[in-house]
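Have a look at the structure below before the remarks.
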Amino acid sequence: MLNRPDDYQKAIDFHGHCCPGLTIGYLAAKAALEHLKVERAEDEELVAIVESDGCGIDAIQVLLGCTIGKGNLIYKDHGKQAYTIGNRKTGQAVRVVMTGDMVPLTPEQEAIKTAVFSGQATPEQEEAWQKLQSERTERLLSATPAQQFKVQDVELKLPSEAKIFKSVICEYCGEKVMEARARLKNGKIACLACTEEYTRGW
Ligand SMILES: [Zn+2]
Ligand SMILES: [Zn+2]
């Protein structure tokens with residue numbers, strides 16, 4: 001595809017490459033903007049709750065202006081291609097879930113993928129993988145949103161407003177840490193990086 005929409009190209013530039021995962025995030029973001037009838041967030045009026053950390057999240061950040069730094073991108077490790085986008089101004093929110101099936105890879109294609117991801121691919125395998133990825137991407141771009149996403153109004157449940165916490169000094173590494181994240185280790189203040197997690201496995 002030669003004539004890519006500007007916003008799609010921006011997402012590709014930010015992410016570093018064009019791939020099916022990024023494209024799913026791009027299409028989900030477009031579906032959410034359309035459903036909410038809003039534009040990209042200049043400030044923090046939009047908030048995105050994402051349930052996986054794959055390539056698609058980079059498109060969400062570019063298209064919606066929801067980023068970790070601004071505090072309006074919330075990541076939940078659910079392993080789902082689901083994106084809840086809320087508008088803080090109106091309280092309206094939409095959940096966009098990928099429902100369409102990617103065409104499964106054939107055993108030969110799986111073998112190519114494994115070779116590519118292990119860094120052992122031959123130039124021919126690299127080329128075959130790139131071609132396959134762009135075919136899968138084109139297929140996604142040519143389907144309608146209704147064919148690949150479930151788009152539903154949902155109630156916007158946001159975590160409490162960001163608070164300002166005092167900083168304390170970790171007595172082990174000497175670095176400043178937010179009080180709410182500090183621990184005690186042998187009776188001394190410790191940051192999480194200096195604390196070994198105590199766990200009994202549950
Ligand atoms: Zn990618
Ligand atoms: Zn420390």
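The alpha-carbon of Lys131 sits under 16 angstrom from the alpha-carbons of these aspartates and glutamates, leaving out residues fewer than 8 places away in its chain: Glu108, Glu110. Couplings 3J(HN,Hα) for the range 41-52, derived from phi with the Karplus relation 6.51 cos²θ - 1.76 cosθ + 1.60 (θ = phi - 60°), are 6, 6, 10, 10, 5, 9, 9, 10, 10, 10, 10, 7 Hz, where x marks Gly and Pro.
Can you tell me the length gained on complete extension of the stretch Gln120 to Ile68, counting 0.36 nm per residue apart and subtracting the Cα distance? Walk me through the numbers before you get to the answer.
Values: separation 52, 0.36 × 52 = 18.72 nm, distance 3.40 nm.
Contour length minus Cα-Cα distance gives 15.3 nm.
Compute the distance in nm between two label points, each set 7 Å from the Cα along the Cα-to-Cβ direction, one at Lys166 and one at Glu39. The two pseudo-label positions are separated by 4.5 nm.
What does the helix-only formula give at 222 nm for the chain: each DSSP H stretch with n ≥ 4 adding -39500 (n - 2.57), the total divided by the residues, and the result rounded to the nearest 500 deg cm²/dmol?
Details: 6 runs with 71 residues, N = 202.
The helix contribution divided over the chain gives -11000 deg cm²/dmol.
For Trp129, Trp202, the sequence from fewest to most other C-beta atoms within 10 Å is Trp202, Trp129. Over the range 163-202, how many percent of alpha carbon pairs lie in each 10 Å bin up to the one with the longest distance? All Cα pairs, binned at 10 Å, distribute as 32, 48, 18, 2 percent. Couplings for the range 73-84, taken from phi via the Karplus curve 6.51 cos²θ - 1.76 cosθ + 1.60 with θ = phi - 60°, read 10, 10, 9, 10, 7, 9, x, 10, 8, 9, 9, 9 Hz in order; Gly and Pro are left as x. In this structure, the amide hydrogen of Phe149, modeled 1.01 Å from its nitrogen in the peptide plane, lies closer than 5 angstrom to those of Thr99, Gly100, counting only residues at least 5 positions away or on a different chain.
Remark on Glu171: its backbone amide H falls under 5 Å from those of Ile189, Ala190, Cys191, a criterion applied only to residues 5 or more positions apart or on other chains, H modelled at 1.01 Å from N. When the chain is treated as a Gaussian network with alpha carbon springs shorter than 10 Å, the biggest mean-square fluctuation among Leu132, Leu63, Leu73 belongs to Leu132. Applied to the range 117-131, the Karplus parametrisation 6.51 cos²θ - 1.76 cosθ + 1.60 on θ = phi - 60° returns per-residue 3J(HN,Hα) values of 6, 8, x, 9, 6, 6, x, 5, 5, 4, 5, 4, 5, 4, 5 Hz, with x for Gly and Pro.
Spin-label model, Leu141/Leu105: points 7 Å from Cα along the beta carbon direction are separated by 2.2 nm.
Every number here is computed from the coordinates shown, using simple stated rules; none is lab data. Being a predicted model, the structure only gives us computed values, none of them experimental. Every residue, glycine among them, receives a Cβ derived from its backbone with ideal geometry; neighbour counts consider all protein chains shown.
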